[in-house]
Amino acid sequence: MQLARNLACEWGPLNIRVNCIAPGLIKTDFARALYEDPVRKAAAEARFPLRRLGEPDDIGGIAVMLARRAGAFITGQSIVADGGATITG
């Protein structure tokens, strides 16, 4: 996250934006062992305010937004996409 901030400051004058996407538990091959186990999946979903696991499109949508005109004035930021897991600690 700090690297995104530092690079945003360094490369901003060159009109290069730098941002960070910090995903939570997303249904990918990497997390398969967690979401295919019904007990672990239910425990994770119960902890998240959105009561679900993330889908790859949840992250892809953020990347698309940052790459398009909608994200043209965003730099040096970290977008946490974790279904609210970090706020429930």
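When residues in segment 35-71 are screened for being within 30 Å of ASN15 (Cβ to Cβ), among the acidic types (Asp, Glu) and either out of contact with any strand residue (DSSP E or B) (no Cβ under 8 Å at 6 or more places or on another chain) or modelled with pLDDT under 95 (or both), 1 of them pass.
So how many residues does segment 66-87 have that are within 21 Å of LEU7 (Cα to Cα) and within 14 Å of the chain's Cα centre (by Cα)?
Number satisfying all stated conditions: 5.
Selection within segment 12-27: residues that are surrounded by 14 or more Cβ atoms within 10 Å (Cβ to Cβ) and of a type in the set (Val, Ile, Thr). The member of this set that is nearest to GLY83 (Cα to Cα) is ILE26. For beta carbons closer than 6 Å, sequence separation of 6+ or different chains, a first residue in segment 60-76 that is without any contact (Cβ under 8 Å) to a residue 60 or more places away in the chain and a second that is among the hydrophobic types (A, V, I, L, M, F, W, C) and part of a helix (DSSP H, G or I), the qualifying pairs are GLY71/MET65. Quick one: count up the residues across segment 42-70 that are among the charged types (D, E, K, R) and farther than 14 Å from ALA85 by Cα. So the answer is 5.
Mind listing whichever residues of segment 49-89 are surrounded by 16 or more Cβ atoms within 10 Å (Cβ to Cβ), among the small types (Gly, Ala, Ser) and in a loop (DSSP other than H, G, I, E, B)? Result: GLY76, GLY83.
Would you confirm whether any residue within segment 31-40 is surrounded by fewer than 11 Cβ atoms within 10 Å (Cβ to Cβ), part of a loop (DSSP other than H, G, I, E, B) and on the phi > 0 side of the Ramachandran plot? Within segment 31-40, none of the residues are surrounded by fewer than 11 Cβ atoms within 10 Å (Cβ to Cβ), part of a loop (DSSP other than H, G, I, E, B) and on the phi > 0 side of the Ramachandran plot.
The values are calculated or read from the model by the stated rules, or taken from the named source; none is laboratory data. Note that this is a predicted model, so its numbers are computed, not measured. Here the Cβ is made from the backbone with ideal geometry for all residues, glycine too, and neighbour counts use every protein chain on show.
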